[in-house]
Every structure is written in structure tokens, then in C-alpha cells.
Number of protein chains: 2
Amino acid sequence: MNRRMSPEARREALVQAAIRVIARGGVAAATTRAVVAEAKMPLGAFHYVFTSRDELLSEVVHTITDGERMAAELALLEGAGLEATVAAALASYLDLLIADPDRELALTELSLYGLRHDPALARRQHQLYFLEMEAVLRQVAERCGIRWTEPLPELARRLIVVTEGITGTWLADRDTDAARGVLRAVAAWVAASAERVDA
Amino acid sequence: MNRRMSPEARREALVQAAIRVIARGGVAAATTRAVVAEAKMPLGAFHYVFTSRDELLSEVVHTITDGERMAAELALLEGAGLEATVAAALASYLDLLIADPDRELALTELSLYGLRHDPALARRQHQLYFLEMEAVLRQVAERCGIRWTEPLPELARRLIVVTEGITGTWLADRDTDAARGVLRAVAAWVAASAERVDA
DNA sequence: TCGCCTTTTGGACAGTTGTCCAAAACTGGC
DNA sequence: GCCAGTTTTGGACAACTGTCCAAAAGGCGA
């Protein structure tokens, strides 16, 4: 449409439009026509910018699994105890999930799409979550003055597993109270794998 | 095809064919033509037996979430301790997952499909998992001579959450050792919510 | 064997999809 | 204002989809 829009800006606009379309109606709904309509671009703009629909979807997958998701979604409280800090971080993730379920549903669908389309890439992107979670755990330890008594990768994996599980379960039954209950129990569980470190 | 096949048998055959097709290529691949080809039936047989593709997919969703999945996948060992019993049950589920990942991937996809197509039904079907898990936990308690010290629904939910999480994580990274590690830790966690009951 | 009724079939149809590309719109230099 | 070169567009195309239905095949009593 707008002639002054740079090619990169157009790619980005289409990717964002695709994410909105997918959130609304699933990956299947993200047809070339639906996406350009959402982005208010002419049909021709699609293959002017992307060589194929698959390329767009790959870029979408890449965009939403980009580096800082986990860290952004797990907000850390200032100056609370260990268990409260972990619980608050998980709660902040749950709040995000509740605030925009369609987005997280789209994310899950896209993750499955990636798993089918390019398993190697999906695996690589998935590794990022573990690294991010480890970083968060390191931050938590520092802030709360504790040391983890179990290998960080194992703790991180447990939290990733639980996060994925809570997401899937809540998306299915929308039982927020129950989700918060699980979340509190998990926080206590994780907090048990730490010991105070003397300053 | 075979004239002697009863209508119900034909429905069932198409449903099973659809599950295989979906496991192989996702829900999108389950076109009417692909399904009848997999079932070695003529195209016309499809709408002779189902009124629409959606009806088939609904039946598929209903079939795979049918009543005894959880119980069947969580095998209980005879005569082991509590933690070992829980660990073994989770391990038996993991073994099934590893043995047929495509099937479980298809199941996840179908669950998402159901969530979009008919959220109310999906929620109802999801409830079954909790009930089944509670039943399994009751069985475990009886066999191991213990009493759960936390509400059964909460324990069941934690296990469902973890099961879903382990499934999603393993499907993404195929790290079996790590999955077993999580599983052991979860078994210990759950086992901590029990007390011996004197006979 | 014939005729009649039910079951079964695959060709046809309208709609949608991803993709291409000839033409239109636009740009900047003269 | 005009032209050569570039960017942008939306109509066209072939492939595929779900669905329908007229015709073919099959069964069965006579």
C-alpha cells in the first residue's frame, strides 16, 4: 500500500497481521488473503515480500519464540521471600495468559506447526526457553540470597514443564482458581530446592 | 467397498483411518479424500456415512478422549512403595509417548482443534482426565496403604498439569533422560503428600 | 431370469487456496 | 511534461477442497 514503507517494515507488518489472524482463527485461517487483508495491503504485496506462505509462517514462529519471551512473562518482585518470589513470577505469567488467551493458544498452535514443519528448528527454539528460565532462576537466587541445591538445568526444566502444563490445562478448562492452586504448590516445591547463603 | 460392512463398522474404520492420517500429517491433512484413501474406501463412502467432515473430526475427538485413556496409560505396578509406584505410572505413560510420538502429537493437535471448534465440549472432555486421575490416585493409595494429605482434586490436577507439560516438552526436544528426571522429581513431590495408614 | 428397490460409487460443481505475472502506478532525471 | 526504469497491484490460473447426486451395481423375491 503505502509506497514509502520499507520492505522490512512490510515484512514485520505482515508477520504481526498473521499473528492476529492466527490468534483469532488458528493457523488454518492464516491464508495469504486473510493476512494481507488484516494488514490492509493488496494481495500482490504478499509474494512481493515473502516467497511463500511457509516462509511467512516460519518467520512468525521465529518471531514469537524470540529470545526474551520467558523473561518478559515472568516478572520478578522486589524484596519478597523466595517462595513468594517464585509464586509471583508464575502468577505474572498466568495473568498474561488470562489477559490474552487467544494469543497463547495461537502460540501453542504455532509451536505444533513448527514441530511438524521443521522439527530441528523447533527444538533449537525450545532450548532458548530453558536458557531463559535458568537465567531467571539465577536472578531469583541472587535477589533472595539463596543457592539452589539442585542442578539449575533440572530446576529450569521442571518449571518449563509446569508452565506448559498450566497453560494447556487452563486453556482447556479456564479454571483460574485451580491454576493458582497448582502454581502455589509448585512455588513451594521449587523453593524447597534452595538453601540460605550467608552474606 | 465391502458391501457386508455395517454402517457402524464403516464409521469406525473411517475414524481410525482419520487418526492415522492426522498422526502422519496433522489435522489439515485429514481431507475427505485422504481419509477414504487411507481406509481404502471410495470417495462417495464418506458422505454416505458422515454428513460432513466436521462430524468426522468431532467423532475423532470424542474417540480419542474416551473415558479410559488416562487409566490405560498410567500402568500401576504391583507391590512397590508409594514413590516407586507413582514414578512407574508416570514412566509407563512416558514409554507410551516415546513409542508413538506421532499419535500423541495428533492428540494434542486434536485437542486444540476441539478447543477452537467446540470449547464447551472440549472442556467437558477435559474434566474426564481429572476424574480418571483421581481414580488412579485412589487406587494408588489403597495399594500402598497410604492416605493423601491434600485434597484429591488438587493432587490430580498437579499430575495432569505435569503430564501435559512433560508431553509438550518431550515432543519438542525429545530429551528422554531429562523427561525421566522430571518424572522422578514429580514422583517424590507427590509422594510427599501422603501419610501411612495403620491397618 | 427378470424386475424392483436399496446400497454404493465416482464424476461434477462451486468455492477457496497459493502463486504467478502482465499491466498499472509511480519515481526521479531531463 | 515526458520518458525509462522500478515498484506495486489485483486479476487469472491451476490445484485442491467439501459436498452433492445421477447413475451404476447389487440384492432378492417371483
For chain B, with +1 on Lys and Arg beta carbons and -1 on Asp and Glu, the positive-most of B:Ala187, B:Thr169, B:Pro153 along the dipole: B:Thr169
About the Cα centre, charge dipole magnitude for the range A:66-196 (Lys/Arg +1, Asp/Glu -1 at Cβ), debye: 360 debye
Sum of -39500 (n - 2.57) over DSSP H runs of 4+, divided by residues of chain B (222 nm, nearest 500): -24500 deg cm²/dmol
Using alpha-carbon coordinates, inclination of helix A:176-191 to the longest axis of chain A, degrees: 50 degrees
Nonlocal amide H pairs with B:Ala194, under 5 Å, H built at 1.01 Å: B:Thr149
Folded to 0 to 90 degrees: helix A:82-99 orientation relative to chain A principal axis, Cα: 20 degrees
The range B:67-196 - convex hull of the alpha-carbon atoms, volume per residue in Å³: 95 Å³
Rg(Cα) / (2.2 N^0.38 Å) computed for the protein assembly as shown, rounded to two decimals: 1.08
Net dipole in debye of the range B:1-56 [+1 Lys, Arg Cβ; -1 Asp, Glu Cβ; about Cα centre; nearest 20]: 240 debye
Copies compared at B:Ala84 - label distances in nm, ascending, label defined 7 Å from Cα in the Cβ direction: 4.3
Placed amide H near A:Ile146: partners under 5 Å, 5+ positions off or other chain: A:Val197
Net dipole in debye of the protein assembly as shown [+1 Lys, Arg Cβ; -1 Asp, Glu Cβ; about Cα centre; nearest 20]: 1360 debye
Distances in nm from B:Leu43 to the matching label points in the other copies, shortest first (labels 7 Å along Cα to Cβ): 2.4
Chain B Cβ-axis minimum, rotational copy A, residue and distance in Å: B:Gly165, 2
Length-normalised contact order of the range A:24-172 in % [C-alpha pairs under 8 Å, at least 6 apart]: 25 percent
Label point 7 Å beyond Cα along the C-beta direction, distances from A:Arg143 to other copies (nm, shortest first): 4.2
In degrees, nearest ten, helix A:101-117 long axis to first principal axis of chain A (Cα): 70 degrees
Cα shape, the range A:22-120, gyration tensor, a/c 1.5 rule: prolate
Dipole of the range A:1-71 [Lys/Arg +1, Asp/Glu -1 at C-beta], most positive-end residue of A:Ala28, A:Ala13, A:Leu43: A:Leu43
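Every number here is computed from the coordinates shown, using simple stated rules; none is lab data. Note that the structure is a prediction, hence the values are computed from the model and not measured. Here Cβ is always computed from backbone atoms with ideal geometry, including for glycine, and neighbour counts include all displayed protein chains.
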